Amino acid sequence: MAIDTTTTTTGPETAAPTPGPRGDSAPGSPAAARLSGRAKLVLFVLCAAQFMVALDFSVLNVALPALGRDLGLGQSALQWAVTAFALPSGGFLLLFGRIADLFGRKKLFLTGLALFGAASLLATLAWDPASFLSGRALQGLGAAVIVPTGMSLLTTTFPEGPLRDKALGISGTLLSLGFTIGMVLGGVMTDTLGWRSTMGLLVAFAIVVLALAPGLLPESRTPERPRLDVPGAVTVTGGLLAVIYALSTAAQRGFGGADVWGTLLVGIALLAAFVVVESKASAPLVSLPMLKRRTVAWGNLGGLVTFSMMSTVVFVLTLYLQETLGLSSFETGLVFGIQGLASAVAGTYAARLIGRFGSRRVLAVSLLGQGAFVAALLGLGTHAGALLATVAVSLASMCHLGAIISYGVTVTSGVPDEEQGLATGLVTTTQQVGLTVGIPLLGVLATTQGSLFDGVRTVLAIDAVIVVAAAALIAVGLGRGPGRGPGRGKA
């Protein structure tokens, strides 16, 4: 259900646009990418919810030592403050994306907001480790509802074309800013107000969004009500939970433990079973023909690579700046604050580039640029390198944001409204898995080499090679069709 997203202001300089078949202006006209006042409010609500979840991923990181001292969480147990959120937020994304398609996206979105707000309040008021970790797990469950339903509301509210590209561009920019601002804001708030303020901020966000959303968001669901694919839901959710748990544990303890390998193998087996189940289901949770679309398969590969490799760069650069160069937490935060500003600038241009050159070309070129600027970080030294790190990671992040937005546009283009929840569930699952796998697979190399500096250089080199190789594969895999833009090809 698309809302009227065009402006209606008339006057000497701005004439009322001629509505198209879906309430948008004539394709290619300047007004076609202009948002009405109501559309801006809808976009604000959806982006605020996504920003809130992104903030939650990072705002607590620098507060972990203070949190541990206050609640009695030992150093080895602090990982659960992150893992308790990551498990449900990644494991249940596909399931809730499909439930929203069937039973109503707005209804489920509001439920997720209420759950997230209540869970954040529990985490704010936590009196012992169990209550805090329960709050974090419920936050993750709320995020697993908010992210796919919010994204599918965005893609079904804004019609395919310039308006959706613009909306996805703004959403992607705020998503990137949420991660970066969280790193800076978490340190400031913890030092001045205590670690509980980081969770209290999320309560305030949830209240504001929940107050505005009911009167603004349109309800949307599939016209038919097929049965939910329970076997598919069980296998994919169990598989994702097992894989994310294994990789999250490996990030802290390495891959030497039998529990890590055992859980990882169980997860892979469940995901393999999921593919078999879906091939035989009458109403599958995931349409295998959809996964065979070039845009869906290659677009999600691009998303997986850009998220996993960029999160790894941020992780190893944090170690390098503090442990090798001796920068403080505040100075390190400034480096990533500049990175966030650069990403915001990139977000203002990404949609325009996609409209001109097509999402597929922008995806491949953005990945190539990300890999090239990560390679530039190999020039870092043991006594100097803060300036190079700031410039290179900022430019890499600009390309990273271009890849985020273009892969979302690529995957959701040409998908009917009744399957948008599924498509956006794949997009957000790719995002979550990417954020989870990068650091365990590569980041641990930084701390297991002869020296930290050598380990950082090894990780950066491998990272750059993977991203550049992915850019080449995606350029070939997506073919000559540019996606949305001039000369659009078939998916």
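The values are calculated or read from the model by the stated rules, or taken from the named source; none is laboratory data. Since the model is a prediction, treat every value here as computed from it, not as a measurement. With ideal geometry, Cβ positions are generated from the backbone for all residues, glycine too; neighbour counts draw on all protein chains shown. All accessible areas refer to the heavy atoms of the entire protein, side chains included, with ligands and DNA or RNA removed. Shrake-Rupley method; radii C 1.70, N 1.55, O 1.52, S 1.80 Å.
Restricting segment 51-69 to residues that are closer than 30 Å to L154 by Cα and open to solvent by 20 Å² or more (accessible area, probe 1.4 Å) leaves a set whose member that is modelled with the lowest pLDDT is N61. For segment 410-448, taking the residues that are open to solvent by less than 30 Å² (accessible area, probe 1.4 Å) and of a type in the set (G, A, S), the one that is modelled with the lowest pLDDT is identified as G421. When segment 192-221 is limited to residues that are within 22 Å of G104 (Cβ to Cβ) and part of a loop (DSSP other than H, G, I, E, B), the one that is modelled with the lowest pLDDT turns out to be R221. Across segment 320-346, the qualifying residues are those that are among the polar types (S, T, N, Q) and in a helix (DSSP H, G or I), and the one among them that is farthest from the chain's Cα centre (by Cα) is T324.
Residue-by-condition table, conditions (1) within 18 Å of the chain's Cα centre (by Cα); (2) modelled with pLDDT under 80; (3) open to solvent by less than 10 Å² (accessible area, probe 1.4 Å):
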site: F357; (1), (2), (3): no, no, no
site: A372; (1), (2), (3): no, no, no
site: A375; (1), (2), (3): no, no, no
site: A384; (1), (2), (3): no, yes, no
site: L401; (1), (2), (3): yes, no, yes
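For the condition closer than 23 Å to F336 by Cα, at pLDDT 70 or above, open to solvent by less than 20 Å² (accessible area, probe 1.4 Å) and assigned to a helix (DSSP H, G or I), A396 qualifies. Taken residue by residue, segment 233-240 has no member that is modelled with pLDDT of 75 or more and farther than 21 Å from S89 by Cα. Filtered by the rule that a residue be open to solvent by 20 Å² or more (accessible area, probe 1.4 Å) and among the aromatic types (F, W, Y), segment 309-340 gives F315, F330.
Screening V391 on (1) surrounded by fewer than 24 Cβ atoms within 10 Å (Cβ to Cβ); (2) at pLDDT below 80 shows it passes everything except condition (2).
Considering only residues that are more than 19 Å from the chain's Cα centre (by Cα) and modelled with pLDDT of 80 or more, look in segment 70-98 and name the one that is least open to solvent (accessible area, probe 1.4 Å). By that ranking, first place goes to L71. For segment 127-150, the set of residues classified as farther than 29 Å from G408 by Cβ and without any contact (Cβ under 8 Å) to a residue 60 or more places away in the chain consists of W127, D128, P129, A130, S131, L133, S134, listed by residue number. Any residue in segment 289-308 that is surrounded by fewer than 19 Cβ atoms within 10 Å (Cβ to Cβ) and either touching a Cys at 6+ places or on another chain (Cβ under 6 Å) or polar (S, T, N, Q) (or both)? Checked segment 289-308: no residue is surrounded by fewer than 19 Cβ atoms within 10 Å (Cβ to Cβ) and either touching a Cys at 6+ places or on another chain (Cβ under 6 Å) or polar (S, T, N, Q) (or both).
Conditions tested, residue by residue: (1) touching a helix residue (DSSP H, G or I) at 6+ places or on another chain (Cβ under 7 Å); (2) among the β-branched types (V, I, T).
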| position | (1), (2) |
| --- | --- |
| W80 | yes, no |
| F96 | yes, no |
| D101 | yes, no |
| G104 | no, no |
| T111 | yes, yes |
| A119 | yes, no |
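Scanning segment 247-288 for residues that are open to solvent by less than 40 Å² (accessible area, probe 1.4 Å) and assigned to a loop (DSSP other than H, G, I, E, B) returns G254, G257, A281, A283, P284, L285, V286, S287. The number of residues in segment 133-159 being of a type outside the set (A, V, I, L, M), open to solvent by 10 Å² or more (accessible area, probe 1.4 Å) and under 16 Å from the mean Cα position of the chain (by Cα) comes to 0.
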